[in-house]
Structures are given as C-alpha cells and as structure tokens.
Amino acid sequence: QYFVTGATGFIGKRLVKKLLERKGSVVHFLIRKESADKVADLRSFWGVGATRAMPVFGDLTAKKLGVAAEDVKKLKGQIDHFYHLAAVYDLGADEETQVAVNIEGTRNTVDLAKAIDAGHFHHVSSIAAAGLYEGKEK
C-alpha cells in the first residue's frame, strides 16, 4: 500500500496512476476537505474505484498533516511506501507560504510517516530546493 501527498498535481496524478497499475495496490492520498469534489475525477483518471484510491483528508501545514486520529490508527503499519510530492512550486510565492508548505509541510509529512510506521519515505522535489547557486563558467 502507498500514501501520496501531491496526488492532485501534474506529477502526482501520474505517479498514482503508475502505482495503481501494480496488481493489488492501494493508494491513500492526502487531499484537503475543500477539494473532496475532485475525488471522483481523480479515480476516473486513475481508472480505479473507491477500494483502491482512498482519500485521506488533511492539510500539509497542520501537525501530522491534520490527519484524523482514526485515520492514523487505520494506516499504522499498512503503508509500504510514502511519497511526498506536495509543495508550493511557484517561485513568486511569498516567503511565509513557501516556508509553511515546503519546510514545515515536509516536517509534518515526515512526522505522519513516522506515526504510521511507513516502510519507506520518498521525497520528490525540484532543483529549487537546492537554493540559488551560481554555476562556473567554462
């Protein structure tokens, strides 16, 4: 079983589709409650039903992603791979938002992965995570 943050984004949607091509796979994906209306379209895109693509409601900026204690209990020991793709990729976003989502959000994600005893943690990011460095001219 898998857990994915950022499943509604461009790369995340395609990652989930690939994961669901694996026989017997189940993907739990973080989604905000206000985005619940997207679940049916996501399942349609992925070509699966409710038993294989399971929304977990929460918020990247909340402790342990704001996932309900009941859901944490259900997920504990069930997740083999935890993929963290959610982030603010807009370089024009204000610093406060970038820190809240990209830094604190990643910390919250790791805390949830630990709380549910996820087997492996995969963090996907962009080159922007490395910061601004000038290259050497040749």
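If we keep just the residues of the stretch 63-91 that are acidic (Asp, Glu) and not in a loop (DSSP other than H, G, I, E, B), which is nearest to Val27 (Cα to Cα)? Looking at residues that are acidic (Asp, Glu) and not in a loop (DSSP other than H, G, I, E, B), I get Asp71. So for the stretch 8-28 (the condition being assigned to a loop (DSSP other than H, G, I, E, B), under 16 Å from Ala118 (Cβ atoms) and in contact (Cβ under 8 Å) with a residue 24 or more places away in the chain), does at least one residue qualify? So far as the stretch 8-28 goes, yes, one or more of its residues are assigned to a loop (DSSP other than H, G, I, E, B), under 16 Å from Ala118 (Cβ atoms) and in contact (Cβ under 8 Å) with a residue 24 or more places away in the chain.
Within the stretch 45-57, can you find the residues that are buried (at least 19 other Cβ atoms within 10 Å of the Cβ) and small (Gly, Ala, Ser)? Listed by number, the list holds a single entry, Ala53.
Given the structure, is Val26 at pLDDT 95 or above and under 14 Å from the mean Cα position of the chain (by Cα)?
Judged against the criteria, Val26 is not a match.
Of the residues examined, Leu42 is one that is modelled with pLDDT of 95 or more, assigned to a helix (DSSP H, G or I), surrounded by 17 or more Cβ atoms within 10 Å (Cβ to Cβ) and in contact with a helix residue (DSSP H, G or I) (Cβ under 8 Å, 6 or more places away or on another chain).
Does Leu60 meet the test of being outside any loop (DSSP other than H, G, I, E, B) and either at pLDDT 95 or above or surrounded by 11 or more Cβ atoms within 10 Å (Cβ to Cβ) (or both)? No; evaluated as a whole, the condition is false for this residue.
Of all residues in the stretch 45-57, those being touching a strand residue (DSSP E or B) at 6+ places or on another chain (Cβ under 9 Å) and either at pLDDT below 95 or of a type outside the set (A, V, I, L, M) (or both) number 4. Cβ-Cβ contacts under 7 Å between residues 6 or more apart (or on different chains), taken from a first residue in the stretch 92-108 that is in contact (Cβ under 8 Å) with a residue 24 or more places away in the chain and in a helix (DSSP H, G or I) to a second residue that is surrounded by 14 or more Cβ atoms within 10 Å (Cβ to Cβ) and of a type in the set (Gly, Ala, Ser), are listed as Val101/Ala87; Asn102/Ala87; Gly105/Ala86.
A quick yes/no check of all residues on (1) touching a Phe, Trp or Tyr at 6+ places or on another chain (Cβ under 9 Å); (2) among the acidic types (Asp, Glu); (3) at pLDDT 85 or above:
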{"residue": "Leu91", "(1), (2), (3)": "no, no, no"}
{"residue": "Val99", "(1), (2), (3)": "no, no, yes"}
{"residue": "Ala113", "(1), (2), (3)": "yes, no, yes"}
{"residue": "Asp117", "(1), (2), (3)": "no, yes, yes"}
{"residue": "His120", "(1), (2), (3)": "yes, no, yes"}
{"residue": "Ile127", "(1), (2), (3)": "no, no, no"}
{"residue": "Ala130", "(1), (2), (3)": "no, no, no"}
{"residue": "Tyr133", "(1), (2), (3)": "no, no, no"}
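The values are calculated or read from the model by the stated rules, or taken from the named source; none is laboratory data. These numbers come from a predicted model, not from an experiment. We place every Cβ from the backbone using ideal geometry, glycine too, and count neighbours over all the protein chains shown.
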